[in-house]
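The values are calculated or read from the model by the stated rules, or taken from the named source; none is laboratory data. Remember, it's a predicted structure, so these values are computed and weren't measured experimentally. Here Cβ is always computed from backbone atoms with ideal geometry, including for glycine, and neighbour counts include all displayed protein chains. Just the protein is used for accessible areas: all its heavy atoms, side chains included, with ligands, DNA and RNA removed. Shrake-Rupley method; radii C 1.70, N 1.55, O 1.52, S 1.80 Å.
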Amino acid sequence: INIAYIEAATADVQMAVDAAAQAAGRAYIRTGDESAALSAAKESAARNPVSGQIIPFSADDLEFGSSRRDSLESPYVFSPLTNDALGNAVRVSSRSLQSADPPVLSPIFPTLGSGLAIRPLRTAVSTQGTLDVSLVLDRSGSMAYASDEDSNTFDMPAHAPAGWQFGDPVPPRARWLDTVAAVDAFLRVLDQTPQTERLSLSTYATETSTGTMLTDRYPEVIAGMHSISQSFTGGGTAIGQGMTEGLAAMTDPERSRPYAIRVMVLMTDGQHNTGHGPESAAWHLRKNGVTLFTVTFSDFAVQNRMRRVARSCGGEHFHATDAAQLQAAFEEIAHRFPSLLTE
(Lines give C-alpha, C1' and ligand atoms only; values in the text may rest on other atoms or scores of the structure.)
Protein backbone atom coordinates (compact mmCIF):
# COMPACT_ATOMS: atom_id res chain seq x y z
CA ILE A 1 0.00 0.00 0.00
CA ASN A 2 2.82 2.39 0.83
CA ILE A 3 4.53 1.73 -2.51
CA ALA A 4 1.30 2.44 -4.43
CA TYR A 5 0.74 5.59 -2.37
CA ILE A 6 4.31 6.82 -3.00
CA GLU A 7 3.95 6.27 -6.75
CA ALA A 8 0.61 8.11 -6.82
CA ALA A 9 1.95 10.99 -4.72
CA THR A 10 5.03 11.27 -6.96
CA ALA A 11 2.79 11.54 -10.04
CA ASP A 12 0.68 14.18 -8.30
CA VAL A 13 3.82 16.16 -7.41
CA GLN A 14 4.76 16.21 -11.11
CA MET A 15 1.31 17.54 -12.00
CA ALA A 16 1.59 20.22 -9.31
CA VAL A 17 5.02 21.24 -10.63
CA ASP A 18 3.65 21.32 -14.19
CA ALA A 19 0.80 23.61 -13.13
CA ALA A 20 3.17 25.84 -11.15
CA ALA A 21 5.51 26.13 -14.16
CA GLN A 22 2.64 27.14 -16.44
CA ALA A 23 1.42 29.77 -13.96
CA ALA A 24 4.93 31.11 -13.36
CA GLY A 25 5.63 31.19 -17.10
CA ARG A 26 2.50 33.19 -17.86
CA ALA A 27 3.28 35.70 -15.11
CA TYR A 28 6.91 36.05 -16.20
CA ILE A 29 6.15 36.56 -19.89
CA ARG A 30 3.44 39.06 -19.06
CA THR A 31 5.37 41.14 -16.51
CA GLY A 32 9.06 40.24 -16.76
CA ASP A 33 8.99 40.16 -12.95
CA GLU A 34 10.61 37.15 -11.28
CA SER A 35 8.84 37.78 -7.97
CA ALA A 36 5.49 37.79 -9.78
CA ALA A 37 6.40 34.43 -11.30
CA LEU A 38 7.17 33.01 -7.85
CA SER A 39 3.88 34.32 -6.45
CA ALA A 40 2.03 32.70 -9.35
CA ALA A 41 3.78 29.38 -8.70
CA LYS A 42 2.79 29.50 -5.02
CA GLU A 43 -0.82 30.37 -5.86
CA SER A 44 -0.93 27.46 -8.28
CA ALA A 45 0.44 25.10 -5.62
CA ALA A 46 -2.30 26.21 -3.23
CA ARG A 47 -4.89 25.32 -5.86
CA ASN A 48 -3.28 21.94 -6.56
CA PRO A 49 -2.52 20.25 -3.22
CA VAL A 50 -1.03 16.75 -3.09
CA SER A 51 -2.68 14.46 -0.53
CA GLY A 52 -4.06 17.57 1.13
CA GLN A 53 -0.62 19.20 1.41
CA ILE A 54 0.64 22.28 -0.44
CA ILE A 55 3.92 21.75 -2.29
CA PRO A 56 6.35 24.51 -1.19
CA PHE A 57 8.13 26.74 -3.70
CA SER A 58 10.86 29.29 -3.04
CA ALA A 59 12.94 31.57 -5.25
CA ASP A 60 15.56 28.82 -5.51
CA ASP A 61 13.00 26.55 -7.19
CA LEU A 62 12.61 28.86 -10.20
CA GLU A 63 15.16 29.37 -12.98
CA PHE A 64 14.61 31.90 -15.75
CA GLY A 65 16.05 31.42 -19.17
CA SER A 66 15.66 30.93 -22.89
CA SER A 67 14.11 27.85 -24.47
CA ARG A 68 14.45 27.31 -28.21
CA ARG A 69 14.07 24.76 -30.95
CA ASP A 70 15.31 24.87 -34.53
CA SER A 71 13.13 22.29 -36.27
CA LEU A 72 10.07 20.10 -35.87
CA GLU A 73 12.31 17.12 -35.11
CA SER A 74 14.38 18.82 -32.39
CA PRO A 75 13.23 19.41 -28.79
CA TYR A 76 13.17 22.74 -26.99
CA VAL A 77 16.45 23.26 -25.10
CA PHE A 78 16.43 25.37 -21.94
CA SER A 79 19.41 27.61 -21.12
CA PRO A 80 19.50 29.70 -17.90
CA LEU A 81 19.97 33.45 -18.31
CA THR A 82 23.48 34.76 -17.77
CA ASN A 83 22.55 38.46 -17.68
CA ASP A 84 19.58 40.72 -16.99
CA ALA A 85 17.91 40.00 -20.33
CA LEU A 86 14.30 38.86 -20.43
CA GLY A 87 13.91 35.17 -21.21
CA ASN A 88 11.00 33.26 -22.69
CA ALA A 89 10.95 30.30 -20.28
CA VAL A 90 10.77 29.35 -16.60
CA ARG A 91 12.03 26.07 -15.15
CA VAL A 92 10.35 25.05 -11.88
CA SER A 93 11.57 22.24 -9.63
CA SER A 94 10.47 20.66 -6.35
CA ARG A 95 13.79 21.23 -4.54
CA SER A 96 12.04 22.84 -1.57
CA LEU A 97 9.97 19.69 -1.19
CA GLN A 98 13.18 17.67 -0.93
CA SER A 99 14.61 19.80 1.85
CA ALA A 100 11.41 20.54 3.82
CA ASP A 101 11.70 19.87 7.55
CA PRO A 102 9.44 18.34 8.72
CA PRO A 103 8.67 16.49 5.49
CA VAL A 104 5.56 17.54 3.60
CA LEU A 105 4.62 14.04 2.41
CA SER A 106 5.06 10.74 4.22
CA PRO A 107 3.86 7.15 3.63
CA ILE A 108 0.48 6.13 5.02
CA PHE A 109 1.83 3.41 7.32
CA PRO A 110 4.93 3.39 9.60
CA THR A 111 8.07 2.04 7.99
CA LEU A 112 9.84 0.30 10.87
CA GLY A 113 10.92 3.58 12.40
CA SER A 114 12.96 4.65 9.38
CA GLY A 115 11.22 8.01 9.09
CA LEU A 116 10.77 7.57 5.34
CA ALA A 117 9.55 10.72 3.57
CA ILE A 118 8.29 11.25 0.03
CA ARG A 119 10.64 13.77 -1.57
CA PRO A 120 10.58 13.39 -5.37
CA LEU A 121 12.60 15.89 -7.39
CA ARG A 122 10.44 16.90 -10.33
CA THR A 123 10.96 19.67 -12.90
CA ALA A 124 8.93 21.36 -15.63
CA VAL A 125 9.70 24.09 -18.14
CA SER A 126 7.08 26.52 -19.42
CA THR A 127 8.08 28.16 -22.71
CA GLN A 128 6.60 30.87 -24.88
CA GLY A 129 7.46 29.03 -28.04
CA THR A 130 8.31 29.99 -31.58
CA LEU A 131 5.46 32.04 -33.04
CA ASP A 132 4.04 32.69 -36.48
CA VAL A 133 1.69 35.68 -36.12
CA SER A 134 -0.90 36.92 -38.58
CA LEU A 135 -1.99 40.54 -38.16
CA VAL A 136 -5.43 41.08 -39.71
CA LEU A 137 -6.44 44.75 -39.69
CA ASP A 138 -9.57 46.66 -40.65
CA ARG A 139 -9.03 49.27 -43.37
CA SER A 140 -12.75 49.93 -44.07
CA GLY A 141 -14.06 53.44 -44.64
CA SER A 142 -14.82 54.03 -40.95
CA MET A 143 -11.11 53.71 -40.16
CA ALA A 144 -10.60 57.14 -41.77
CA TYR A 145 -12.53 58.75 -38.91
CA ALA A 146 -11.19 59.72 -35.49
CA SER A 147 -11.87 57.36 -32.59
CA ASP A 148 -14.43 59.74 -31.05
CA GLU A 149 -16.31 60.37 -34.31
CA ASP A 150 -19.52 58.74 -35.49
CA SER A 151 -18.57 57.15 -38.81
CA ASN A 152 -22.17 56.11 -39.54
CA THR A 153 -22.98 59.47 -41.12
CA PHE A 154 -22.63 60.85 -44.60
CA ASP A 155 -20.23 63.55 -43.42
CA MET A 156 -16.56 63.37 -44.29
CA PRO A 157 -14.08 62.84 -41.43
CA ALA A 158 -13.92 66.01 -39.33
CA HIS A 159 -10.13 66.26 -39.63
CA ALA A 160 -9.96 65.64 -43.38
CA PRO A 161 -8.58 68.55 -45.45
CA ALA A 162 -10.89 70.40 -47.80
CA GLY A 163 -11.75 68.37 -50.88
CA TRP A 164 -10.58 65.10 -49.32
CA GLN A 165 -11.95 61.87 -50.74
CA PHE A 166 -11.25 58.18 -50.42
CA GLY A 167 -8.09 57.28 -52.28
CA ASP A 168 -6.26 60.28 -50.85
CA PRO A 169 -3.84 60.00 -47.89
CA VAL A 170 -5.69 59.06 -44.71
CA PRO A 171 -6.77 62.15 -42.69
CA PRO A 172 -5.00 63.19 -39.46
CA ARG A 173 -6.29 61.54 -36.26
CA ALA A 174 -7.78 58.67 -38.24
CA ARG A 175 -8.31 55.36 -36.48
CA TRP A 176 -6.04 53.82 -39.07
CA LEU A 177 -3.13 56.02 -37.92
CA ASP A 178 -3.87 55.05 -34.31
CA THR A 179 -3.64 51.42 -35.44
CA VAL A 180 -0.27 52.03 -37.10
CA ALA A 181 1.06 53.42 -33.82
CA ALA A 182 -0.39 50.49 -31.86
CA VAL A 183 1.15 47.91 -34.17
CA ASP A 184 4.49 49.71 -33.92
CA ALA A 185 4.33 49.38 -30.11
CA PHE A 186 3.33 45.72 -30.52
CA LEU A 187 6.38 45.06 -32.67
CA ARG A 188 8.68 46.77 -30.18
CA VAL A 189 7.54 44.31 -27.51
CA LEU A 190 8.17 41.34 -29.82
CA ASP A 191 11.57 42.72 -30.76
CA GLN A 192 12.66 42.39 -27.11
CA THR A 193 11.87 38.68 -26.84
CA PRO A 194 14.66 36.08 -27.17
CA GLN A 195 12.79 34.02 -29.77
CA THR A 196 12.12 35.13 -33.34
CA GLU A 197 8.48 35.73 -34.20
CA ARG A 198 7.47 35.95 -37.82
CA LEU A 199 4.60 38.23 -38.78
CA SER A 200 2.36 38.68 -41.78
CA LEU A 201 0.11 41.67 -42.48
CA SER A 202 -3.32 41.18 -44.03
CA THR A 203 -5.97 43.89 -44.29
CA TYR A 204 -9.62 43.92 -45.24
CA ALA A 205 -12.37 46.27 -46.33
CA THR A 206 -14.82 45.01 -48.98
CA GLU A 207 -11.88 43.11 -50.46
CA THR A 208 -8.87 41.62 -48.71
CA SER A 209 -5.14 41.68 -49.37
CA THR A 210 -1.86 40.55 -47.81
CA GLY A 211 0.74 43.27 -48.01
CA THR A 212 3.47 41.47 -46.06
CA MET A 213 4.03 37.73 -46.00
CA LEU A 214 5.48 36.05 -42.92
CA THR A 215 8.75 37.80 -42.09
CA ASP A 216 11.04 38.54 -39.16
CA ARG A 217 11.87 41.94 -40.68
CA TYR A 218 9.36 44.00 -38.73
CA PRO A 219 9.96 47.31 -40.54
CA GLU A 220 8.34 45.69 -43.59
CA VAL A 221 5.07 45.40 -41.62
CA ILE A 222 5.04 49.10 -40.73
CA ALA A 223 6.07 50.03 -44.27
CA GLY A 224 3.08 48.08 -45.57
CA MET A 225 0.76 50.02 -43.27
CA HIS A 226 2.30 53.35 -44.31
CA SER A 227 1.66 52.40 -47.92
CA ILE A 228 -2.04 52.00 -47.14
CA SER A 229 -1.97 55.38 -45.35
CA GLN A 230 -0.85 57.09 -48.55
CA SER A 231 -3.88 55.90 -50.50
CA PHE A 232 -6.71 55.04 -48.18
CA THR A 233 -9.53 53.62 -50.27
CA GLY A 234 -11.94 52.43 -47.55
CA GLY A 235 -14.90 50.14 -48.28
CA GLY A 236 -17.06 47.66 -46.39
CA THR A 237 -16.16 45.39 -43.44
CA ALA A 238 -15.51 41.78 -44.49
CA ILE A 239 -14.23 40.43 -41.17
CA GLY A 240 -14.62 36.75 -42.08
CA GLN A 241 -12.80 37.18 -45.37
CA GLY A 242 -10.04 39.08 -43.58
CA MET A 243 -9.58 36.15 -41.20
CA THR A 244 -9.44 33.74 -44.14
CA GLU A 245 -6.86 35.95 -45.86
CA GLY A 246 -4.76 36.05 -42.70
CA LEU A 247 -4.95 32.27 -42.30
CA ALA A 248 -3.68 31.78 -45.85
CA ALA A 249 -0.72 34.07 -45.14
CA MET A 250 0.06 32.25 -41.89
CA THR A 251 -0.02 28.78 -43.46
CA ASP A 252 1.91 29.67 -46.61
CA PRO A 253 4.06 26.53 -47.12
CA GLU A 254 7.12 28.49 -48.24
CA ARG A 255 7.27 30.70 -45.13
CA SER A 256 5.37 29.09 -42.24
CA ARG A 257 7.23 26.93 -39.76
CA PRO A 258 5.56 23.60 -38.92
CA TYR A 259 6.87 23.73 -35.35
CA ALA A 260 5.63 27.28 -34.67
CA ILE A 261 2.63 28.23 -32.53
CA ARG A 262 0.07 29.97 -34.74
CA VAL A 263 -1.55 33.20 -33.51
CA MET A 264 -3.86 35.66 -35.24
CA VAL A 265 -4.49 39.21 -34.03
CA LEU A 266 -7.66 40.67 -35.56
CA MET A 267 -8.69 44.32 -35.24
CA THR A 268 -11.99 45.89 -36.30
CA ASP A 269 -13.71 49.20 -35.59
CA GLY A 270 -17.11 48.22 -36.91
CA GLN A 271 -19.50 45.42 -37.72
CA HIS A 272 -19.20 42.62 -40.24
CA ASN A 273 -21.35 43.54 -43.25
CA THR A 274 -20.13 41.64 -46.31
CA GLY A 275 -18.79 38.20 -47.26
CA HIS A 276 -18.77 35.07 -45.13
CA GLY A 277 -19.02 35.57 -41.39
CA PRO A 278 -16.26 35.47 -38.77
CA GLU A 279 -17.79 32.35 -37.15
CA SER A 280 -17.26 30.38 -40.36
CA ALA A 281 -13.66 31.60 -40.60
CA ALA A 282 -13.08 30.76 -36.93
CA TRP A 283 -13.91 27.12 -37.67
CA HIS A 284 -11.03 27.02 -40.13
CA LEU A 285 -8.73 28.73 -37.62
CA ARG A 286 -9.51 26.07 -35.02
CA LYS A 287 -8.91 23.32 -37.57
CA ASN A 288 -5.45 24.77 -38.21
CA GLY A 289 -4.58 25.21 -34.52
CA VAL A 290 -4.70 29.03 -34.52
CA THR A 291 -5.22 31.02 -31.32
CA LEU A 292 -7.22 34.17 -32.05
CA PHE A 293 -7.01 37.51 -30.24
CA THR A 294 -9.58 40.15 -31.23
CA VAL A 295 -9.47 43.90 -30.69
CA THR A 296 -12.48 46.17 -31.18
CA PHE A 297 -11.81 49.88 -31.61
CA SER A 298 -14.61 52.45 -31.10
CA ASP A 299 -17.98 52.03 -29.44
CA PHE A 300 -19.54 51.19 -32.79
CA ALA A 301 -17.66 47.88 -33.02
CA VAL A 302 -19.48 44.62 -32.36
CA GLN A 303 -17.79 43.68 -29.10
CA ASN A 304 -19.81 40.66 -28.00
CA ARG A 305 -19.47 38.92 -31.35
CA MET A 306 -15.73 39.43 -31.44
CA ARG A 307 -15.47 38.21 -27.84
CA ARG A 308 -17.29 34.98 -28.71
CA VAL A 309 -15.18 34.40 -31.82
CA ALA A 310 -11.92 34.90 -29.88
CA ARG A 311 -13.00 32.51 -27.14
CA SER A 312 -14.00 29.89 -29.69
CA CYS A 313 -10.35 29.88 -30.84
CA GLY A 314 -8.81 29.83 -27.36
CA GLY A 315 -7.93 33.52 -27.31
CA GLU A 316 -9.09 36.76 -25.69
CA HIS A 317 -10.91 39.92 -26.67
CA PHE A 318 -9.81 43.50 -25.95
CA HIS A 319 -11.72 46.74 -26.44
CA ALA A 320 -10.34 50.24 -26.96
CA THR A 321 -12.05 53.60 -27.35
CA ASP A 322 -9.01 55.79 -27.98
CA ALA A 323 -5.44 55.60 -29.27
CA ALA A 324 -3.86 55.02 -25.85
CA GLN A 325 -6.18 52.11 -25.07
CA LEU A 326 -5.58 50.61 -28.50
CA GLN A 327 -1.81 50.68 -28.01
CA ALA A 328 -2.19 49.17 -24.53
CA ALA A 329 -4.35 46.37 -25.97
CA PHE A 330 -1.76 45.43 -28.60
CA GLU A 331 1.05 45.51 -26.03
CA GLU A 332 -0.97 43.32 -23.68
CA ILE A 333 -1.62 40.79 -26.45
CA ALA A 334 2.12 40.59 -27.12
CA HIS A 335 2.59 39.57 -23.47
CA ARG A 336 -0.24 37.02 -23.56
CA PHE A 337 0.81 34.82 -26.44
CA PRO A 338 0.31 31.14 -25.59
CA SER A 339 2.98 29.06 -23.89
CA LEU A 340 3.55 25.33 -23.59
CA LEU A 341 5.27 22.83 -21.38
CA THR A 342 8.51 21.85 -23.10
CA GLU A 343 10.00 19.63 -20.38
message: Tell me the carbon and sulfur percent of the accessible area for the chain, rounded to whole percent, probe radius 1.4 Å.
response: 50 percent
query: Taking only C-alpha pairs under 8 Å that are 6+ residues apart, what is the relative contact order of the range 106-235 in percent?
result: 31 percent
field: Cα-based shape type of the range 159-212, given that a ≥ b ≥ c are square roots of the gyration tensor eigenvalues and the cut on a/c is 1.5
entry: oblate
query: Relative contact order for the chain using alpha-carbon pairs under 8 Å, separation at least 6, rounded to a whole percent?
result: 18 percent
statement: Order by accessible surface, 1.4 Å probe, largest leading, for residues Trp283, Trp164 comes to Trp283, Trp164
- line: The answer for the range 25-166, accessible area per residue at 1.4 Å probe in Å², is 50 Å²
task: Can you bin the range 228-291 into rounded, prolate or oblate? Criterion: square roots of the alpha carbon gyration tensor eigenvalues sorted a ≥ b ≥ c, rounded for a/c under 1.5, prolate for a/b above b/c, oblate for the rest.
output: oblate
- prompt: Once a ≥ b ≥ c are taken as the square roots of the eigenvalues of the Cα gyration tensor of the range 204-343, is the result rounded (a/c under 1.5), prolate (a/b larger than b/c) or oblate (a/b not larger than b/c)?
  reply: rounded
field: ³J(HN,Hα) computed for each position of the range 337-343 - Karplus, 6.51 cos²θ - 1.76 cosθ + 1.60, integer Hz, glycine/proline x
entry: 4, x, 10, 8, 7, 10, 8
- request: Specify the residue with the greatest mean-square fluctuation among Asp168, Asp84, Asp150, computed from a Gaussian network of the chain linking alpha-carbon atoms under 10 Å apart.
  value: Asp84
field: Within the range 9-49: Cβ-based charge dipole about Cα centre, in debye rounded to nearest 20 (Lys, Arg +1; Asp, Glu -1)
entry: 100 debye
For the range 182-198, Karplus couplings with θ = phi - 60° (6.51, -1.76, 1.60), whole Hz, Gly/Pro x: 5, 5, 4, 5, 4, 5, 5, 5, 5, 5, 8, 7, x, 8, 9, 8, 9
statement: For the chain, the longest principal axis of the Cα atoms and the Cα long axis of helix 2-31 enclose an angle in degrees, to the nearest 10, of 30 degrees
- request: Taking the chain as the reference, fit the longest principal axis to its C-alpha atoms, fit the long axis of helix 239-250 to the helix C-alpha atoms, and give the angle between the two in degrees, 0 to 90, nearest 10.
  value: 60 degrees
query: Under the definition of Cα pairs under 8 Å and six or more residues apart, what whole-number percent is the relative contact order of the range 159-262?
result: 30 percent
- prompt: Lys42: accessible area at probe 1.4 Å, nearest 10 Å²?
  reply: 100 Å²
task: Measure nothing fancy, just the Cα-based angle from helix 278-287's long axis to the longest principal axis of the chain, in degrees from 0 to 90, nearest 10.
output: 40 degrees
